[in-house]
Amino acid sequence: MKKTLLGTAVLGAGALLLTACSGGGAGGDGGSGGAITVGTTEVVTSLDPAGAYDNGSFAVMTNVYPFLMNNPVDDSEVAPDIAESAEFTAPTEYTVTLKEGLTFANGNDLTSSDVKFTFDRLVTISDPNGPQDLLANLDSIETPDDTTVVFKLKSEDDQTFPQVLSSPAGPIVDEDVFPADAVADDAAIVEGKPFAGPYSLDSFDKGNLAAFTANENYQGLWGAPETDTVNVKYFANESNLSQAIETQGVDVAFRSLSATDVEKFEGTDGLNVVKGPGGEIRYIVFNFDTMPYGAQTDDADAEKAKAVRQAAADLIDREKLSEQVFKGTYSPLYGHVPEGLSGAGDPLMGLYGDEAGGPDAAKAAQRLEDAGVETPVSLQLQYAGERYGAASAEEYAQIKAQLETDGLFAVDVQSTEWTQYSKDRVEDLYPAYQLGWFPDYSDADNYLTPFFLEGGFLENHYNNDEVNDLLREQLVTTDADERATKIEEVQEVLAEDLSTLPMLQGEQVAVAVDGVDGVTLDASFKFRFGTLTK
């Protein structure tokens, strides 16, 4: 059904807003001003949506590929992007109507055939680095005409499906450029220009530089980019990025700068620090088999193990971690869903510590004594500074000190290189360990179902039928208030069980030089090049 205007060939495989100023925002009549250079330490795994599921890759995809659904500026909810409309037409049927006359930057028409091809190949390829698991509820796709796409879903009334279409599983690709059964090479993608987002990617030197120009054919909800040319320069570490923005070698630094540098730049002439709500969370995972009194230990006792987890929750001083380690760039998190999302709450605050957010060692001691737990509790605690930043070392030194208050715990803190860490944690080698999470889309479910439904990806041997039932119920509850209530109920159970111990919620932070406006960090957690001006 697809009409190709220019000859191409299939190529080989390989709810809150803060802006720097009012100059940003979607829309506008087209690019102007000077080229802007954005610096980052993020790593791009692949330009092919089928081969990447990481922040660095998605930051590029967000700006070059079209989506059926996307987040309007300053909105965590999604709306039709290159779609004219999108709605449930039956409990297991979600119908999207594309806008007329859509084209890719290479001149090819963008039709329903490309949309079906996009999602079918994602599932077919199932690359280990790909986001295909986000499409777990997708059964099949029908395309009755060039502008109509009917998604057939496995379960009814999936309230997250519109958000999934805006996620890393959602970039629409050109079926005349991408192979159907393999991940495309980056160079082949750049050459094929299969871009129908706000920008087209002109060149890509992996790990060094990516060059973008505004795509005049873009018809999505963000409107025409404010700036014609944007370059992204990739840095090896936080220090190099910090030096680049301090010397104005880049115009904007986004993800990641150390908390110390951010604090310094807040008082630096010529630089402006921009902050926005953060979807990133930091937490500790307890392995229910190998933690003290875990199911596979010699002195297994579920109630004692629970008391150990809850005593740890009594002792953690999140405010101190926030201020002393992260200089306020992370804030205390007392629930499993971060602030800003429907259903977020603070169930841990009322249950643990001084019930006002602070620690309470006497309460922890009493809890352990009541459960018959001998102190100090020996706890091996693992973290991954390579993955979660240099500040992790100080963070976990403080956590160790907090847990060892009054001799209640004896903590052995260890750090491991990330590749090994990823293997070890699912092989039950770590009784307790650090993890972090950056959402796929702006919905509370993304902080719950992947973690806790039937054990989730954590593989820490926690599985609670009440949690499973509530998670399934909230997913198909169409009334927003009722759904938020169920999400709160899930978190209340989780706060008692403490499969994970929520610690901190991170802000989004960018630093821009004077004269650069429109740095927009909102609850979509997407960094848009198109709002930047210089």
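The values are calculated or read from the model by the stated rules, or taken from the named source; none is laboratory data. None of these values were measured; they are calculated from a predicted model. Heads up, the Cβs are rebuilt from the backbone with ideal geometry, glycines too, and the neighbour counts pull from every protein chain shown. All accessible areas refer to the heavy atoms of the entire protein, side chains included, with ligands and DNA or RNA removed. Shrake-Rupley method; radii C 1.70, N 1.55, O 1.52, S 1.80 Å.
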### Query
Going down the table (K116/K154; K306/K363; K320/K423), which pairs top 24 Å between alpha carbons?
K320/K423
### Task
Just check the stretch 94-144 against the gyration tensor rule for me: Cα atoms, a ≥ b ≥ c as the square roots of the eigenvalues, rounded for a/c under 1.5, and otherwise prolate or oblate depending on whether a/b exceeds b/c.
oblate
### Long-range Cα-Cα pairs in the stretch 67-196 (distance over 21 Å), rounded percent
38 percent
### Within the chain, helix-based [θ] at 222 nm, where runs of 4 or more DSSP H residues each add -39,500 (n - 2.57), nearest 500
-7500 deg cm²/dmol
### Query
Per-residue HN-Hα couplings for the stretch 507-524, Karplus 6.51 cos²θ - 1.76 cosθ + 1.60 at θ = phi - 60°, whole Hz, x for Gly and Pro?
7, 7, 9, 9, 10, 10, 7, 3, x, 9, 10, x, 6, 10, 10, 10, 6, 7
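So what is the diffusion coefficient of the stretch 282-428 in µm² per second by Stokes-Einstein at 10 °C and 1.306 mPa s, using a Kirkwood Rh over Cα pairs?
Values: Rh = 16.1 Å.
In µm²/s, the coefficient is 99.
Per residue, how much accessible area does the stretch 410-496 show when a 1.4 Å probe rolls over the protein heavy atoms, in square angstrom?
The answer is 42 Å² per residue.
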## Note on the structure
Counting only protein heavy atoms with a 1.4 Å probe and every protein chain in place, the carbon and sulfur fraction of the accessible surface of the chain in whole percent equals 45 percent
#### Entry: 5 angstrom amide H check on G389, placed H, neighbours 5+ away
none
## Note on the structure
Amide H proximity to L209 below 5 Å, modelled H, separation 5+ or other chain, gives Y234
### Message
Please state the shape class of the stretch 344-407: rounded when a/c is under 1.5, otherwise prolate if a/b exceeds b/c and oblate if not, all from the C-alpha gyration tensor.
### Response
oblate
### 18 Å tail of the calculated P(r), the stretch 369-449, as % of Cα pairs
54 percent
### Task
Take the alpha-carbon centre of the stretch 115-137, take the same for the stretch 456-473, and report the distance between them in whole Å.
24 Å
### Query
How many Å² of accessible area per residue for the stretch 210-325, probe 1.4 Å?
38 Å²
### Message
I need the per residue convex hull volume for the chain, using only the alpha carbons, in cubic angstrom as a whole number.
### Response
136 Å³
### Alpha-carbon centroid distance for the pair the stretch 89-106 / the stretch 247-301, whole angstrom
37 Å
### Summary
Ranking S113, Q243, L135 by how far each Cα lies towards the positive end of the charge dipole of the chain (+1 on Lys and Arg Cβ, -1 on Asp and Glu Cβ), the top one is Q243
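Rounded to whole Å and sorted largest first, what semi-axes of the equivalent ellipsoid does the C-alpha gyration tensor of the stretch 179-256 yield via the square root of 5 times each eigenvalue?
Value: 26, 19, 10 Å, ordered largest first.
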### Task
Largest first and to the nearest Å, give the Cα extent of the stretch 240-367 along each principal axis.
58, 30, 30
### Query
In the stretch 92-174, what GluC sites (Glu not before Pro) fall in a loop by DSSP, with at most 10 other Cβ atoms inside 10 Å?
E100
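Residues of the stretch 75-150: accessible area per residue at 1.4 Å, in Å²? Present the calculation step by step, with values, prior to reporting the outcome.
On the way: 2980 Å² over 76 residues.
Ligands and nucleic acids excluded, the figure is 39 Å² per residue.
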### Task
Give the cross-link partners of K264 among the aspartates and glutamates, using a straight C-alpha distance below 12 Å as the criterion and excluding same-chain residues fewer than 8 apart.
E246
### Query
Once phi is turned into θ = phi - 60°, what whole-Hz ³J(HN,Hα) does the Karplus curve with 6.51, -1.76 and 1.60 give for every residue of the stretch 411-417, x standing for Gly and Pro?
9, 9, 8, 10, 10, 9, 4
